[in-house]
Amino acid sequence: MKDKAMIRINNISKWYGDFQVLSDCSTTVSKGEVVVVCGPSGSGKSTLIKTCNALEPIQQGEIVVDGITVNAKGTDLSALRARVGMVFQHFELFPHMSVLDNLTLAQRKVLGRNANDARQRADQLLERVGLQPQRDKFPAQLSGGQQQRVAIARALAMDPVVMLFDEPTSALDPEMVGEVLDVMVQLANEGMTMMCVTHEMGFARKVADRVLFMDGGRIVEDCSNSDFFGDISQRAPRAQDFLSKILAH
C-alpha cells in the first residue's frame, strides 16, 4: 500500500534576492513512490528537491519529510539529512579518503556506529553497486560512473527513508550513464521512496510513478507516468513543447 505521505510540500516559495525561484509549489510523495522532476534548465527543479532536506531554505510554505517539519525552528537538520539521502550531479566524495572511508565516516560520526559495523554495512552496499573490489581506491582512481555509484552507496549507508537525486547522470560520459541508472532502477524496484531531477526520460518512463514538470519556478504538471507520456495534447502547452522535442529523438 502506497498510502503514507513521505514528503509533503505545501505552498512553498523561495526567492534569491528579488528573483523568485520557486512559486507556490505543492506536491506529495507517498512511501515507496518514485517521482521524477523534469523541465527546462532554470525551472527550479534542483532547488525544489534541495528544499526537502533544507540545503535550500524557503521563505514561505511548509515541507514535512517523514513527519518532520523541515523548515521549523529547532529541527535537527543533521538527523534529518541522515534520513534523507542526497546524490548530487558532482559526486561530492572526499578526494583524500578511500572509497571505504567515504562510506564509513558519516555512519560513525552521525549514526554512532562502531568501525566494524560501519565497514560491514559499507562492504554490503559496495557489493550491491558492483564496486566492492574498489573499496581501497581513492575517488580519482575511479571513473565518473563508479564515483557516482559510490556516492549512491554512501547515501544508502545512512539507511535513509527517502533518496533525492539531483541530475545524477548529467556530469557523466554517455557510456557511464547506464551503470548509474541501473542502480537507481534497482532501488526503485526495491521500494525506495525517490525524488529524481533528471533529463533521462527513458529512465522516467521506466520507473517513475509520477512526473512533475516545472517551468518558471512553478509545478506546471503533476501527473502519473502514463498520463505524462501518453496523450501529450492533454498536457500544458509548455510541457507539450518539452515533450515534443525529447520524444522526437
- [ ] Working carefully through the options Gly112, Gly85, find the one that is touching a Pro at 6+ places or on another chain (Cβ under 7 Å) and of a type in the set (Gly, Ala, Ser).
- [x] Gly85
Open item on the list: I'd like to check something: does the range 150-163 contain any residue that is surrounded by 22 or more Cβ atoms within 10 Å (Cβ to Cβ), among the charged types (D, E, K, R), touching a residue at least 24 places away in the same chain (Cβ under 8 Å) and touching a Gly at 6+ places or on another chain (Cβ under 8 Å)?
Closed with: no
Task: Selection from the range 214-232 of residues that are under 18 Å from Gly202 (Cβ atoms) and touching a Ser or Thr at 6+ places or on another chain (Cβ under 9 Å) - done: Gly230, Ile232
TODO: Would you mind finding the one in Val37, Val29, Val21 that is among the aliphatic types (A, V, I, L, M) and in contact with a Leu (Cβ under 6 Å, 6 or more places away or on another chain)?
DONE: Val37
- [ ] Collect the residues in the range 97-120 that are farther than 19 Å from Leu131 by Cβ and either surrounded by fewer than 13 Cβ atoms within 10 Å (Cβ to Cβ) or in contact (Cβ under 8 Å) with a residue 24 or more places away in the chain (or both), keeping them in residue-number order.
- [x] Lys109, Val110, Leu111, Gly112, Asn114, Ala115, Asn116
Open item on the list: more than 30 Å from Lys14 (Cβ to Cβ), in contact with a Leu (Cβ under 6 Å, 6 or more places away or on another chain) and not acidic (Asp, Glu): which single residue out of Ala122, Ala118 fits that description?
Closed with: Ala122
TODO: Tell me which residues, restricted to the range 169-206, are β-branched (Val, Ile, Thr) and touching a Leu at 6+ places or on another chain (Cβ under 9 Å).
DONE: Thr169, Val180, Val197, Thr198
TODO: Being at positive phi and either crowded, with 19+ Cβ neighbours inside 10 Å or at pLDDT below 90 (or both) is the filter here, so list the residues in the range 167-209 that pass it.
DONE: Glu167
Task: Count of residues meeting criterion [out of contact with any helix residue (DSSP H, G or I) (no Cβ under 6 Å at 6 or more places or on another chain), surrounded by 18 or more Cβ atoms within 10 Å (Cβ to Cβ), touching a residue at least 60 places away in the same chain (Cβ under 8 Å) and not in a helix (DSSP H, G or I)] in the range 31-65 - done: 7
TODO: Quick one: which residue in Thr193, Thr198 is touching a residue at least 60 places away in the same chain (Cβ under 8 Å), within 23 Å of Met163 (Cα to Cα), among the β-branched types (Val, Ile, Thr) and out of contact with any helix residue (DSSP H, G or I) (no Cβ under 8 Å at 6 or more places or on another chain)?
DONE: Thr193
- [ ] Only one of these is surrounded by 22 or more Cβ atoms within 10 Å (Cβ to Cβ) and either under 18 Å from Lys45 (Cα atoms) or among the aliphatic types (A, V, I, L, M) (or both): Leu212, Leu243, Leu142. Name it.
- [x] Leu212
Open item on the list: Being of a type in the set (Gly, Ala, Ser) and at pLDDT below 95 is the filter here; which residues of the range 1-29 pass it?
Closed with: Ala5, Gly17
Task: Enumerated helices (runs of 4 or more DSSP H) restricted to the range 90-202, each holding at least 2 residues that are farther than 26 Å from Ala79 by Cα, out of contact with any Cys (no Cβ under 8 Å at 6 or more places or on another chain) and acidic (Asp, Glu) - done: 174-189
TODO: Any chance you could count how many residues in the range 66-80 are touching a residue at least 60 places away in the same chain (Cβ under 8 Å) and outside any loop (DSSP other than H, G, I, E, B)?
DONE: 0
Open item on the list: Please count how many residues of the range 81-96 are β-branched (Val, Ile, Thr) and exposed (fewer than 14 other Cβ atoms within 10 Å of the Cβ).
Closed with: 0
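The values are calculated or read from the model by the stated rules, or taken from the named source; none is laboratory data. Values in this document were obtained by computation on a predicted structure and should not be read as measured data. When we count neighbours, we look across all protein chains shown, and the Cβ atoms used for this are built from the backbone with ideal geometry, even at glycine.
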